Amino acid sequence: MAGEPILEIRDIRKNFGAYQALKGVSLSVQQGEFIALVGPSGCGKTTLLKQIAGFEEPDSGSLSIAGQPMLGVPAAARPTSMVFQKLALFPHMTVADNIGFPLKLRKVDPAIIAKRVEAMIELMQLKREYLTRYPRQLSGGEQQRVALARSMISEPKLLLLDEPLSALDVKLKKVLQAELKRLHRSVGVTFVHVTHDLEEAIMLADRICVMRSGEILQVGGPNDIYYRPADSFVAGFIGDTNLLAVTVKGNAVSAPGLTAADPTVPAQYVAPGLGDGPALLMVRPELITPLESGQVADFTIDVTITEIFCKGGTVQFRSNTEGGAPLIFELPGASKQPADIGDKLRLGFPKRDIYLFRERVAA
Amino acid sequence: MNGEIDRSWRDPELLVKALPSVILQTAFFLAPLLMTVALTFQRTKNFQLTWTWSLDTWTDIFTKPHYWTILGHTLFMAITCVILCLVIAFPVAYALATRLRAFQDHVKVLITFAFLTDATLKTFGWVLFLDKNGAANYLLQQVGFPPATIDILFTDWATMLGMVYNLLSFAIFTIYLSIDAIDRSLILAAYDAGASKFRTFWEVTLPLARPGIWAASVLIFLLAVGVFLEPKVLGGGKSPMSAELIRQTFETRVNWPLGAALTLVLMTVAVFVVLLFNRVYSLKRHMGPV
Amino acid sequence: MAYPTPTPWMNAKTEAQLAGVLLYGSVAAVLIFFYVPIFTLIAFSFQEGRYPTLPFEGVSLKWYGALFENSGARDALWNSTIIAVVATVFATVIGSAAAIVAVRYKFRFRLPFTGLSAAPLAFPQLLLGIVLLLWFSVLGRAFDFNTGLVTAIIGHVVYITPFALVIVAVQVFNFDATLEDAARDCGATTFEVYRYVTLPLLWPGIFSAGIFAFLLSWGNFYLTYSLAGSTRTLPTFVFSGIATGSSPLYPAIATVVFIPGILLVILADRMRRKAA
């Protein structure tokens, strides 16, 4: 992964009137990487993508692709290609014309265009007879593939994906996620994928960049993001998690109702730079187990069950600690259910895979 | 829809597209209008315009009730025409938007064609039809009616018929568009709540179609105060309306300042009436139906 | 407790029947109403006798023959065509461009721009004609020209452009602007975006605007009457005919005036159907 980054963004700022859409964003992406920009709507991820594509120009900062400065270069002249959220297939052109359009604009010989289009159709596993159809005659998933084909035919250095899967139903989404992953492996182009779905990002990307309010909160591999979030915002962004308010002193944690034979937490489970004082202890619901009498765990805590949800494969229990804090835990669905609403239980969780970090940083 | 683009008004791409229209309407609509205003303060002598500033024309207008009687008659005719157009157009627009699935396009084409055909010709057609010896009376006589059963040509009735005829399409299209835009699920929700078709129509469709009805009323009213052909050809010029008066002032009396002033009075009064109704209408909407 | 089902004021079946009769009846009545004078004209144009009255003395095409021998009518036909073609081109181009600006761009003077561009729509034609006539008279005195074909065309363009604007605006409104971004992303220059994406997608709207413009101009009476000076078009020719005493020649001219309208409206409908 060494060498010149394919995309280098330095301190980009973008304001819309008084609204700061990007507040100084820096990011570098390596050749061949699959990077995901994740965040809730309004976090600036799509704005950042538009700066990369060249649809908008940042107010300040620098942006280079493959070492070439890109600011002031129009979208048409950038070695990037975008897959739009609503696909933006041209309704008045056939599938073949849509896919071949970038090459037509580059004045490529029609015979070569036809050949390249067929190759793309094959790569996207689309049927050949679709070539003469119009986009609206295709299903959502097929349109998606056509949009991908159109974006890749000009062999861009960067493929930008603006939530292209967000409008699809869950099943089709899964299929196309797998497809994207396969495509990325087979063509070796750098993908920048914008999504609001962190689970999708974790599934697809080599690296994830979590954004909020025009800033990057954390950049890291899927495991970093999942197990070592930068703050409570990142932690809360993926599924259900527990964040217990604790007090740190030395390496030891304490909280009302929380007991431990050895309350110290190994340094690998502590956010860098976390000092003494209030902190959050994150423990994922699937790590918590109910304790039979006599069983022991690294940490134990007493709770009262408040709600039970069946989640298919697992059953989720919601409970309150004696200190009044909510705590969620999940058990395999098939196992004997240990408790009912209103029951008191003793829960335990290991030191492994917990994480201690600071409170959400102010935006 | 999406994709409104923020642009400076100096952006060349925008100017290229905007300027032709701006220049056209400034040079040949706004400027002539302003000049018309200026004209009203000039004098005429021996059918010649002299560029001397004076208030003669305005004094004349405000002291002669004749002009105002004609204006009153014009407003009455215009308002009547609006009401008739709305009453006739609404069921047609409603049927176009909600029924007639198979024939909808054909009916639209037929109405469009009738609309795009020149008013003079159609008005002339009415003369041939309504004349004492015309087609209508001939046909009626054939089935046993006495001669000249229909004798409305050269009356206000014929004028009104012509006005409604020539302006009705505006109402049909405008109201049709607003009914067509109504979310079908709102109507189903009303049925679901137990409302009958009539209730649904009265309490859901009609209120939602209001913007279209309002737009149609304004458009028809503004066009109706300016009609000239119908009173002249169908009404026989017996009870002239303002536009005809203006025409005569220019053509026979060759009094440009007076004609210009009458034009302004007509337009001002028309706009004033629209604003007045708008006020009443928005008051009613704020206070809810009484 | 259960609330009672709302009781309709008449039973549903009667209500549906009544609504059906009212709605279908009104459509039928209005269509008849619209076509009474049109069919009257067409019918009388085939009258053999000298007067456009019933009963027919016989059916003949002789007035159509007379029409083409009448030099006034021939000139009128030619003038109508010239004015309509030129006015259509200008009105459609200017109106389409203005529609894109009014719908797509947010800029400082958007409201005044849209207001000015669409204003003649709600201005009575006759008054527009008078105001423009005054304007051309004053200008004509200053720059020494008379009203005629050109002034008539200008009047038509002023009047028709707002119609074109409104028709194209509907199309622009339904146009997804990301398609232009997509084209740019594919490598298209501003000109290529227009050529390959914007114009083809707006084409149905521009095309109907063109047809509308042509027919409005072709059949226009008021503005031509005011602004064309001594130049006659078919509608003003017919009007002078009504004034000087009727003959089936005028219904025949009227019928000729209808023909391009019928053809164009059918053509537009075909195109739209094909596109759908």
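Take residue A:18 and residue B:183, extend 7 Å from each Cα along the Cα→Cβ direction, and tell me the distance between the two endpoints in nm.
So the two model labels end up 3.1 nm from each other.
For chain C, restrict the atom set to alpha-carbon positions and state the Rg and Dmax in Å.
24.5, 88
Largest first, please: the extent of the C-alpha atoms of the range B:54-150 along each principal axis, to the nearest Å.
So the extents along the principal axes, rounded to whole Å, are 62, 41, 23.
Taking residue C:13 as the anchor, which lysines have their alpha carbon closer than 21 Å to its alpha carbon, excluding any fewer than eight residues away along the same chain?
Within the straight-line cut-off, residue C:13 pairs with B:197.
Compute and list, largest first, the equivalent-ellipsoid semi-axes of the range A:175-217 from the alpha carbon gyration tensor, each √(5λ) rounded to a whole angstrom.
Numbers: eigenvalues 94, 27, 11 Å².
They are 22, 12, 7 Å, listed largest first.
Mark the label point 7 Å from the Cα of residue A:249 along Cα→Cβ and return the residues of the range A:301-337 whose backbone N is within less than 11 Å of it.
Of the residues in the range A:301-337, none has backbone N under 11 Å from the label point off residue A:249.
Please list, in chain and number order, the residues 5+ apart from residue A:87 or on another chain whose amide H is under 5 Å from its amide H, with Hs placed from the backbone.
Amide H neighbours of residue A:87, under 5 Å, 5+ apart: none.
Starting from the Cα gyration tensor of the range B:217-275, take the square roots of the eigenvalues, sort them a ≥ b ≥ c, and report rounded, prolate or oblate (rounded when a/c is under 1.5, otherwise prolate if a/b is larger than b/c, else oblate).
Numbers: a/c = 3.05, a/b = 1.21, b/c = 2.53.
The shape class here is oblate.
Would you tally the net charge around residue A:152, using a Cβ to Cβ cut-off of less than 11 Å, leaving residue A:152 out, and scoring K and R as +1, D and E as -1? Write out the running numbers ahead of the final one.
On the way: positive: A:116, A:145, A:150; negative: A:155.
Taking every other residue near residue A:152 into account, the sum is +2.
Which helices pass in chain B if a helix is a full DSSP H run, must span at least 27 angstrom along its long axis by Cα, and must have mean Kyte-Doolittle hydropathy not below 0.5? Kindly include the intermediate steps, with their values, before the conclusion.
Working: long enough: B:65-98 (49 Å, 1.61); B:156-180 (34 Å, 1.14); B:256-287 (46 Å, 1.27).
Correct list, ordered by number: B:65-98, B:156-180, B:256-287.
Considering only DSSP beta bridges whose two residues both sit in the protein assembly as shown, what percent are antiparallel, to the nearest 5? Mind showing how you got there, number by number?
Working: 64 of 85 bridges.
In the protein assembly as shown, approximately 75 percent of DSSP beta bridges are antiparallel ones.
Relative to the compact globular guide of 2.2 N^0.38 Å, what is the alpha carbon radius of gyration of the range A:103-218, as a ratio? Could the numbers behind the result be given before it?
Details: Rg = 15.6 Å, N = 116, 2.2 N^0.38 = 13.4 Å.
Against the empirical 2.2 N^0.38 Å value, I get 1.17 for the range A:103-218.
Pairs B:108/B:132; A:115/A:157; A:104/A:171; A:50/A:157: which are spaced more than 23 Å apart, C-alpha to C-alpha? Mind showing how you got there, number by number?
Values: B:108/B:132 33 Å; A:115/A:157 21 Å; A:104/A:171 35 Å; A:50/A:157 16 Å.
Going by Cα-Cα distance, B:108/B:132; A:104/A:171 fall outside the 23 Å limit.
When the helices in chain B are scored as -39500 (n - 2.57) per DSSP H run of 4 or longer and the sum is shared across all residues, what 222 nm value do you end up with, to the nearest 500 deg cm²/dmol?
Details: 14 runs with 198 residues, N = 290.
It lands at -22000 deg cm²/dmol.
What does the charge count around residue A:94 come to, taking other residues whose C-beta lies under 14 Å from its C-beta (Lys +1, Arg +1, Asp -1, Glu -1)?
Taking every Cβ under 14 Å from that of residue A:94, the sum is +2.
Which value at 222 nm does chain A reach when only helices count, each DSSP H run of 4 or more adding -39,500 (n - 2.57), with the total divided by all residues and rounded to the nearest 500 deg cm²/dmol? Kindly include the intermediate steps, with their values, before the conclusion.
On the way: 8 runs with 84 residues, N = 363.
Result for chain A, helices only: -7000 deg cm²/dmol.
Okay, helix-only estimate at 222 nm for chain C: each DSSP H run of n ≥ 4 adds -39500 (n - 2.57), divide by all residues, round to 500 deg cm²/dmol; what do you get?
Numbers: 12 runs with 204 residues, N = 276.
Roughly -25000 deg cm²/dmol at 222 nm, from the helical runs in chain C.
Just need log10 I(q)/I(0) for the range B:56-287 at q = 0.12, 0.17 Å⁻¹, Debye formula, equal scatterers on the alpha-carbon atoms, no solvent, rounded to two decimals.
-0.82, -1.23
Say the cut-off is 20 Å between C-alpha atoms; which of B:45/B:232; A:23/C:106; B:122/B:232 go over it? Each step should come with its number before you reach the end.
On the way: B:45/B:232 29 Å; A:23/C:106 25 Å; B:122/B:232 14 Å.
Listed pairs above 20 Å: B:45/B:232; A:23/C:106.
If you line up the Cα atoms of chain A on their principal axes, what length do they span on each, largest first, in Å?
Answer, in whole Å and largest first: 78, 46, 39 Å.
What order do you get for B:238-250, A:160-172 when each peptide is scored by the mean count of other beta carbon atoms within 10 Å, highest first?
Top to bottom by mean Cβ count within 10 Å: B:238-250, A:160-172.
Where Lys and Arg each count +1 and Asp and Glu each count -1, what net charge lies around residue A:328 among other residues with Cβ under 14 Å from its Cβ?
Details: positive: A:284, A:311, A:318; negative: A:240, A:286, A:307, A:330.
Net of charged neighbours comes to -1.
Report relative contact order for chain B in percent, whole number only (criteria: Cα-Cα under 8 Å, sequence separation at least 6). If you can, show how the numbers build up before the last one.
Details: 289 pairs, mean separation 73.2, N = 290.
Once normalised by length, the contact order is 25 percent.
What share of Cα pairs, in percent, lie more than 27 angstrom apart in the range C:108-230?
Working: 2728 of 7503 pairs.
So the portion of pairs separated by more than 27 Å is 36 percent.
Could you work out the mean count of beta carbons from other protein chains within 10 Å of each residue's beta carbon in C:225-232? Provide the component values of the computation, followed by the final result.
Working: counts 4, 2, 0, 0, 0, 0, 0, 0.
The shielding value for this peptide is 1.
Residues of C:115-123, mean number of Cβ from any other protein chain within 10 Å of their own Cβ, rounded to a whole number? Before the final figure, lay out the partial values.
Working: counts 1, 7, 7, 2, 4, 4, 3, 10, 7.
The per-residue average across the peptide is 5.
Using the basic label-point model (7 angstrom from Cα toward the beta carbon), what is the residue A:344 to residue C:22 distance in nanometres?
Distance between the two pseudo-spin positions: 7.1 nm.
Treat the range A:240-357 as a sphere of radius equal to its Kirkwood radius over Cα pairs and apply Stokes-Einstein at 4 °C in a medium of 1.567 mPa s; give the translational diffusion coefficient in µm²/s, rounded to a whole number.
Details: Rh = 14.7 Å.
This corresponds to a translational diffusion coefficient of 88 µm²/s.
With viscosity set to 1.306 mPa s at 10 °C, what whole-number translational diffusion coefficient in µm²/s follows for the protein assembly as shown from Stokes-Einstein and a Kirkwood radius over Cα pairs?
Values: Rh = 33.8 Å.
Once the numbers are plugged in, D ends up at 47 µm²/s.
Counting only the heavy atoms of the protein chains, how much of residue A:19 is accessible to a 1.4 Å probe, in Å² to the nearest 10?
Counting only protein heavy atoms, residue A:19 exposes about 120 Å² to solvent.
How large is the convex hull of the Cα atoms of the range C:43-154 per residue, expressed in Å³ as a whole number? Provide the component values of the computation, followed by the final result.
Numbers: hull volume 20.8 nm³, N = 112.
Once divided by residue count, the hull of the range C:43-154 is 186 Å³.
Between residue A:178 and residue A:353, what's the calculated FRET efficiency when r is the beta-carbon distance and R0 is 22 Å? Round to 0.05.
Step by step, r from the Cβ atoms, then E = 0.20.
Over the whole of B:160-171, what's the average partner chain Cβ count within 10 Å per residue? Rounded to a whole number, please. Display every interim value, and only then the final one.
On the way: counts 0, 1, 1, 0, 1, 4, 0, 0, 3, 2, 0, 0.
Taking the mean over all residues of the peptide, I get 1.
How do C:130-138, B:33-41, B:4-12 rank on mean C-beta neighbours within 10 Å, highest first? Provide the component values of the computation, followed by the final result.
Working: C:130-138: 23.2, B:33-41: 18.0, B:4-12: 12.2.
Descending mean neighbour count gives C:130-138, B:33-41, B:4-12.
The values are calculated or read from the model by the stated rules, or taken from the named source; none is laboratory data. The model shown is predicted, which means the values in this text are computed figures rather than measured ones. Note that each Cβ is placed from the backbone with ideal geometry, even for glycine, and that neighbours are counted across all protein chains shown. Ligands, DNA and RNA are excluded from the accessible area calculation, which covers all protein heavy atoms including side chains. Shrake-Rupley method; radii C 1.70, N 1.55, O 1.52, S 1.80 Å.
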